[in-house]
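What follows draws every value from the coordinates through simple rules; no lab data is involved. Not measured: the values here are computed from a predicted model. All Cβ positions, glycine included, derive from the backbone under ideal geometry; neighbour counts span all protein chains shown.
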There are 4 protein chains.
Amino acid sequence: MKVIVDLCVVPMGVGVSLSEYVAACERVLKQAGLETRLHGCGTNIEGEWDAVFAAIKRCHEVVHEMGAPRISTTLRVGTRTDRDQTMDDKVRSVEEKLGR
Amino acid sequence: MKVIVDLCVVPMGVGVSLSEYVAACERVLKQAGLETRLHGCGTNIEGEWDAVFAAIKRCHEVVHEMGAPRISTTLRVGTRTDRDQTMDDKVRSVEEKLGR
Amino acid sequence: MKVIVDLCVVPMGVGVSLSEYVAACERVLKQAGLETRLHGCGTNIEGEWDAVFAAIKRCHEVVHEMGAPRISTTLRVGTRTDRDQTMDDKVRSVEEKLGR
Amino acid sequence: MKVIVDLCVVPMGVGVSLSEYVAACERVLKQAGLETRLHGCGTNIEGEWDAVFAAIKRCHEVVHEMGAPRISTTLRVGTRTDRDQTMDDKVRSVEEKLGR
């Protein structure tokens, strides 16, 4: 089952500067061979369900190892059986409607 | 790694009445032996990371099998290494502060 | 426009114990006269759009005043034009399907 | 109060193709004069709290007018009092840590 996930990891108990934790998660996702698109409030990820969720678990492990005692993550998780669609397809489809 | 997840599964392409899909997910979670608390916008789940996410994957499979061609799920995912805390502890802790 | 919102406020830069901030938000919501249901990962709120979102803005102001320099909130926001439905109706509708 | 919001509007009861609804929301946000960045699972928006939330309310009104009887939206809402930060700053800050 293919999945498109939007991931936002919020480490708690480590102050307000989070970019090094987000960067560590980006490295985890890349090492897992997953396609990702970073944006201002999270990261789009696409891949097979098991690979994507194994990488997200690894993100939690890594962020805890970096010293965060608590993590609050939010995910949007999309699956569809009617057709194949990438995260880039989704953006393109909206851009077309906007005549861009 | 223990996790507390807040799950909201939104099947698309099946009209606006979603309770039978939510009920099917509740059954999946119970069959997985997970503790859950249903609320008006989702379900709190607690358990070991792998068991919880295996059950969430099964929810997507079941809802697709019921006829939904597309699913949009949102999750809040909380882990902590500083102490054990159940979802009931979290509610109680706020209720105490409110003097209830 | 009636709305049902699921609100989860995460203050950052104030350590890992969040219940006093959540309790402060509960007080804001009650003072606004809104119906709420607290759960382990957030709070269900129902009311008119403008009243609900004014209260959520007030929650951010109050949590900043309590000392949190940064806040990361997540919301699920549901509106429908086909019929009236309360957050309690939503739970009841699933419970019925489960034969509870 | 400045805010950065990540918005994902999911119309229900209108089938599985959502791009025309997302495009309509993009138009609402642009007409409101807000800075936005579209991504594969939503749209980053930055601006003053009241302007951003007025536009999000307008998105719900427009999507209902287009025929969707029910809408399920998710938001991530970030505010901070310690410093000014744009959504582009947030991406840049992570990219720097990654040596890009």
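Worth pointing out:
- Remark: label point of C:M1 defined 7 Å out from Cα along the Cα-Cβ vector; separations to the same position in other copies 2.0, 3.1, 3.7 nm, ascending.
- Rounded tilt (10° steps) of C:19-31 against the dominant C-alpha axis of chain C: 60 degrees
- Cα gyration tensor category, rounded, prolate or oblate, for the stretch B:9-51 with a/c compared to 1.5: prolate
- The stretch D:28-100-the stretch B:1-79 distance, computed between alpha-carbon centres (Å): 26 Å
- In the assembly of identical copies, D:D82 has its label point, taken 7 Å from Cα in the direction of the beta carbon, separated from the corresponding points by 1.5, 4.5, 4.6 nm (ascending, one decimal).
- Cα-based equivalent ellipsoid of the protein assembly as shown: semi-axis lengths in Å, sorted from largest, via gyration tensor: 26, 25, 24
- Surrounding net charge for B:V3, when Lys and Arg each add one and Asp and Glu each subtract one, Cβ distance under 10 Å: 0
- Counting only residues at least eight positions apart within a chain, or on another chain, the lysines with an alpha carbon under 17 Å from that of D:K2 are C:K57, D:K90.
- 0 to 90° range, to nearest 10: angle between helix A:49-65 axis and chain A longest Cα axis: 20 degrees
- Closest approach of a chain D Cβ to the axis relating D and A (residue, whole Å): D:H39, 2.
- Across peptide D:88-99, the average count of Cβ atoms from other chains found within 10 Å of a residue's Cβ is 5.
- Inter-chain shielding of C:26-35 (mean C-beta neighbours from other protein chains, 10 Å cut-off): 1
- Hull-based mean projected area of the stretch C:22-71, where the convex hull spans the alpha carbons, in square nanometres: 3.4 nm²
- Tail beyond 17 Å, pair distance distribution of chain B (Cα, percent): 53 percent
- Ascending list, in nanometres, of distances separating the B:M66 label from those of the other copies (7 Å, Cα toward Cβ): 2.6, 3.6, 3.8
- Estimated from helices alone, the mean residue ellipticity of the protein assembly as shown at 222 nm is -13000 deg cm²/dmol (sum of -39500 (n - 2.57) over DSSP H runs with n ≥ 4, per residue).
- Debye, to nearest 20: dipole size of chain D, +1 on Lys, Arg Cβ, -1 on Asp, Glu Cβ: 180 debye
- Two-decimal log10 I(q)/I(0) for the stretch A:55-100, as the Debye equation yields it once each C-alpha is a single scatterer, q = 0.16, 0.21, 0.24, 0.29 Å⁻¹: -0.68, -0.79, -0.88, -1.06
- Unpartnered cysteines - no second Cys beta carbon under 4.7 Å - across chain C: C:C8, C:C41
- In degrees, nearest ten, helix B:87-97 long axis to first principal axis of chain B (Cα): 50 degrees
- A Gaussian network model of chain C, with springs between Cα atoms under 10 Å, assigns the largest mean-square fluctuation among C:V63, C:V16, C:V28 to C:V16.
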